[in-house]
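The block underneath contains the structure these notes are about, expressed in structure tokens.
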Amino acid sequence: KWIVSGPGTAYGRLNQLKTSYNTVLETVKANEKTFIPLSDYCNLNNCTITNSIANEPYRVTGSDLTLRNVTITSKKVILLVDGTVHISGPIQVSPGAFFMIASKGDIIVDPAVGASTPSCSSTSQLQGIFSTDRNFIVLGGAVCPTVDKQLKVSGSIITNASLTSRGKFSNNRTLCSQNAEFPVFMIEPRLDFILNVPESFLKVSTTWQ
């Protein structure tokens, strides 16, 4: 009796992270889902996303994206962007919902996003999974004694997801004399995002024997 076992079928780019632009693109297509142009939903130069958005993957091609505000209470949304993403307002995702950005370019957070009064237990201003093939950049610009806003993220930040560049996380903020008391940047996990991943982002892995 002969028994032959081993891995069956899988898909995705082995030389890139699962959250890279190309891998997400291939995964969604392999799941026979069609991307909706985000331009059909909002103005890409000043996009506000509410819970009226569909439970579908959205795509931005040939353009950058500026997110003004995102408030999702029950939807599961993936944004695939082949340019740079500018975040100019808060992104709030309720438990049970899902929000992910997979960007081919940088993800840049505006200096206005954050809390004016620093603390060690502030509410997060950005919630979701933020993946960039390049850099995640937190812009600042304060001149001491004037301080930058404190930024807190709930979820995950992935840089250099394509593994083809030297992408990195860049924090350009300071709390000046308050740096010894409070962090200018904080991040905490959102384990519920793992449980709420949409089917369009799930990979099929088959084992045969």
Please compute the length gained on full extension between residue 143 and residue 182, using 0.36 nm multiplied by the number of residues separating them and subtracting their Cα-Cα distance.
12.3 nm
How far is helix 21-30 tilted, in degrees, relative to the longest principal axis of the Cα atoms in the chain, given as a value from 0 to 90 rounded to the nearest 10?
40 degrees
Taking the C-alpha atoms of the stretch 51-92, convex hull volume expressed per residue in Å³
64 Å³
Out of these labelled values of Cα Rg over 2.2 N^0.38 Å, [x] 1.30; [y] 0.96; [z] 1.12, which was calculated from the coordinates shown here?
[z]
Protein accessible area in the stretch 21-96, 1.4 Å probe - carbon and sulfur %:
44 percent
The cysteines in the chain that find no other cysteine Cβ closer than 4.7 Å to their own Cβ are 120
Residue 88 and residue 52 label points (each 7 Å along its Cα→Cβ direction) are spaced in nm at 2.0 nm
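The values are calculated or read from the model by the stated rules, or taken from the named source; none is laboratory data. Bear in mind that the values here come from a model prediction, so they are computed numbers and not experimental data. Cβ atoms come from the backbone with ideal geometry, glycine included; neighbour counts cover every protein chain shown. For accessibility, only protein heavy atoms count, side chains too; no ligands or nucleic acids. Shrake-Rupley method; radii C 1.70, N 1.55, O 1.52, S 1.80 Å.
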